[in-house]
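These notes are about the structure you will find just below.
The values are calculated or read from the model by the stated rules, or taken from the named source; none is laboratory data. Only a predicted model underlies this, so the values are computations on that prediction, with no experimental measurement involved. Every residue, glycine as well, gets a Cβ built from its backbone with ideal geometry; the counts of neighbours run over all protein chains shown. Protein only, heavy atoms only, side chains kept; ligands, DNA and RNA dropped before computing areas. Shrake-Rupley method; radii C 1.70, N 1.55, O 1.52, S 1.80 Å.
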Amino acid sequence: MADKLNIEEIKKNKDGLDILPDLLRYAETGFDTIPPEDFALFRWYGLYQQRPNDGHFMQRIKVPNGHLTSEQLRTLGNIAIDFGRNLIDITTRQDFQYHWFTINNIPEIYRRLEEVGMTTCGACGDITRNVVGCPVTGITKDEYFDSLPHAQAITALMVNNREFSNMPRKYKFSVCSCHMQCAQPEINEVGFYGVKKGDQLGYGLMVGGGLSTKPYFGAEMGVFVKQDEVIKVARVISEIYRDTEILRKNRGQARLKFYLHDPKIGIGGEAFLKLIEEKLGYKLEEGVPNPAPRDAETDHLGIQPQKQEGLYYVGIGVRAGRLTGDQLLQIAELVEEFSDTKTGRTTNKQNFIITHVPEAKLEALKQRMDEYGFDYKPSIFKRALVSCTGIEFCNLAVTETKEVGRRVSRELEERFPDASRNIRIHFSGCPNNCGQNAIADIGLRGMKTKGPEGVMIEAYDILVGGGTGNDRAFSEVAVKKYPGHDIATAIGNLYEGYCNWATGDQTFRDYVRAHTKEQLEAVAKNLPMPEAVEQPVPTA
Ligand code: SF4
């Protein structure tokens with residue numbers, strides 16, 4: 001409902017950050033006293049009405065760079081148990097998301113979060129969302145330098161700052177320096193990625209990326225941003241975006257990506273760089289080619305040695321990001337007991353990593369994880385599965401996603417017990433792309449279709465060939481409206497087709513490009529393969 005309101009008008013009358021006292025007051029006066037325009041501003045504190053709008057809320061909690069202490073994890077787990085029907089999801093921005101909150105409990109929930117230094121401020125709304133980053137920065141051997149301080153500094157600049165609390169639309173940063181570029185700089189409004197220029201270590205910069213219904217990759221700025229320039233550059237880009245009035249005229253085209261790429265209002269990367277440099281008052285150094293791998297962005301799971309001698313990090317595969325509060329308390333306990341720094345990190349593939357585990361404690365940790373049922377050797381169908389919220393709680397959803405995603409990954413594990421080739425399978429319950437189906441090898445987009453007896457049933461468009469990295473592409477539809485109850489079969493058939501075809505390090509995207517849409521549809525449906533009567537799918 002909030003989207004039908006004139007959000008620009010609402011923001012003119014009240015800054016989103018000013019909703020907090022009202023929000024706390026409604027906890028006293030009750031759900032029925034909340035006016036529609038205030039529901040819209042609740043988002044500035046990560047609070048959304050959840051389906052079916054009967055007084056329950058979804059609450060998102062920000063976790064900058066996914067970095068958490070055992071104390072924070074314990075608080076988060078207890079909140080899920082006490083107020084969220086024992087349910088908590090890890091999101092694709094390394095946040096946590098709850099459901100089933102009621103307004104009367106919000107003051108106590110916020111009090112508990114504040115006690116452990118956490119905030120919901122800016123988790124949704126037209127404001128800077130959680131700053132994402134590599135979950136193993138500062139500890140992996142596979143990076144240029146530690147990017148956590150920059151992610152934290154950008155967070156400190158943007159959170160609770162009235163200079164940036166009324167942006168035209170949602171606004172996202174990614175900061176990472178790992179060689180894998182796991183933090184997806186190309187699908188964020190502002191993406192800083194680590195580079196080496198001569199003997200200097202700093203960042204390359206992409207601007208104007210974003211998914212949703214009209215996805216764009218960020219434009220390469222072609223510059224080298226020194227580490228001590230990051231905050232300055234982040235600030236001027238934010239000022240430019242905030243002050244670009246044309247973006248406030250049409251909410252459907254208010255993201256920064258449209259100002260870079262839209263055929264009508266887009267000014268292009270070169271002109272945008274000029275705006276940045278004008279505001280900075282000097283020219284940025286020329287950049288180096290983006291060192292992203294050809295196929296970027298897989299998760300850093302497994303048990304891996306850290307750059308700190310004798311320490312390891314240990315990944316836990318969390319199917320579709322879903323945990324119970326009790327499981328989070330168990331994770332908190334493991335972090336407390338086995339991590340030297342008592343820290344862990346969430347990943348944007350909705351998994352979790354315990355960091356700083358001394359080698360001498362590894363076996364005991366593995367034993368405890370076995371005891372608790374945590375998976376430190378997750379299958380590829382589990383570790384790279386992503387799922388949005390879906391019809392269970394989301395007002396915009398057309399289909400279920402979490403449970404179907406979890407079911408599909410289990411069925412694929414049974415069908416391919418020895419699978420070794422990577423595959424990213426992402427579910428979104430509608431065209432909004434929150435499950436990032438546009439950058440998945442196999443992306444599922446929720447639809448409805450007529451079943452055998454004319455009854456509407458849940459279905460998915462199957463999109464193929466998406467991915468980030470230097471071979472980046474958005475997925476394209478190969479099969480329309482495939483029935484949901486059998487979707488695991490179609491996905492498995494495509495995966496099998498890929499494994500039978502590929503040699504060496506050929507990716508699923510290579511497989512897609514080597515076939516026509518008709519051929520891929522035939523593979524998915526297990527039909528005879530047609531001859532190639534058209535050019536293979538051009539996803540490059
Ligand atoms: Fe909701 Fe659609 Fe986003 Fe999924 S993709 S969370 S269904 S809006």
For region 300-419, size of Cβ-based charge dipole, Lys and Arg +1, Asp and Glu -1, in debye:
400 debye
So what does the Cα-only Debye profile of region 458-540 read at q = 0.14, 0.20, 0.23, 0.27 Å⁻¹, as log10 I(q)/I(0), no solvent term?
-0.44, -0.90, -1.17, -1.45
Accessible solvent surface per residue of the chain, calculated while the other protein chains remain in place, 1.4 angstrom probe, Å²:
38 Å²
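How large, in percent, is the carbon and sulfur part of the accessible surface of the chain at a probe radius of 1.4 Å?
Numbers: 10150 of 20690 Å².
In the chain, the share of accessible area belonging to carbon and sulfur is 49 percent.
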Solitary cysteines of the chain, where the nearest other Cys Cβ is not under 4.7 Å:
CYS121, CYS124, CYS182, CYS394, CYS430, CYS499
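Using the Cα centre of the chain as the reference point, and only Cβ charges (+1 on K/R, -1 on D/E), how large is the resulting charge dipole? Debye, rounded to the nearest 20. All intermediate terms of the calculation are to be shown ahead of the outcome.
Numbers: 66 positive and 73 negative charges, 170 e Å.
It works out to roughly 820 debye.
Do any GluC sites (Glu not before Pro) in region 442-540 lie in a loop, going by DSSP, with at most 14 other beta-carbon atoms within 10 Å of their beta carbon, and if so which? Spell out each step's value before the answer.
Values: sites: GLU453, GLU458, GLU476, GLU496, GLU518, GLU521, GLU531, GLU534; in loops: GLU453, GLU531, GLU534.
Taking region 442-540 and a limit of 14 other Cβ atoms within 10 Å, the loop GluC sites (Glu not before Pro) found are GLU453, GLU531, GLU534.
Express the relative contact order of the chain as a whole percentage, based on alpha carbon pairs under 8 Å and six or more residues apart in sequence.
On the way: 1264 pairs, mean separation 62.1, N = 540.
Normalised by residue count, the contact order of the chain is 12 percent.
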LEU201 paired with ARG112, simple spin-label distance in nm, labels 7 Å along Cα-to-beta-carbon
3.9 nm
Evaluate the relative contact order of region 302-410 (contact order divided by residue number), counting alpha-carbon pairs under 8 angstrom at least 6 apart; express in whole percent.
29 percent
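As a check on your grasp of the helix formula, calculate [θ] at 222 nm for the chain: sum -39500 (n - 2.57) over DSSP H runs of n ≥ 4, divide by the residue count, round to the nearest 500. Walk me through the intermediate numbers first.
Working: 16 runs with 165 residues, N = 540.
One gets -9000 deg cm²/dmol as the mean residue ellipticity at 222 nm.
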Projected onto their principal axes, the Cα atoms of region 59-202 stretch, largest extent first, over whole-Å spans of 57, 34, 23
Report the local net charge at VAL225: Lys and Arg +1, Asp and Glu -1, summed over other residues whose C-beta lies under 11 Å from its C-beta.
0
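Could you tell me which chymotrypsin sites (Phe, Trp or Tyr not before Pro) in region 223-275 are loop residues by DSSP with no more than 16 other beta carbons within 10 angstrom of their beta carbon? Intermediate values should be presented prior to the final figure.
Values: sites: PHE224, TYR241, PHE258, TYR259, PHE272; in loops: none.
Sites meeting the loop and neighbour criteria: none at all.
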Summing Lys, Arg as +1 and Asp, Glu as -1, what charge do residues with Cβ under 10 Å from the Cβ of TYR26 carry, TYR26 excluded?
-3
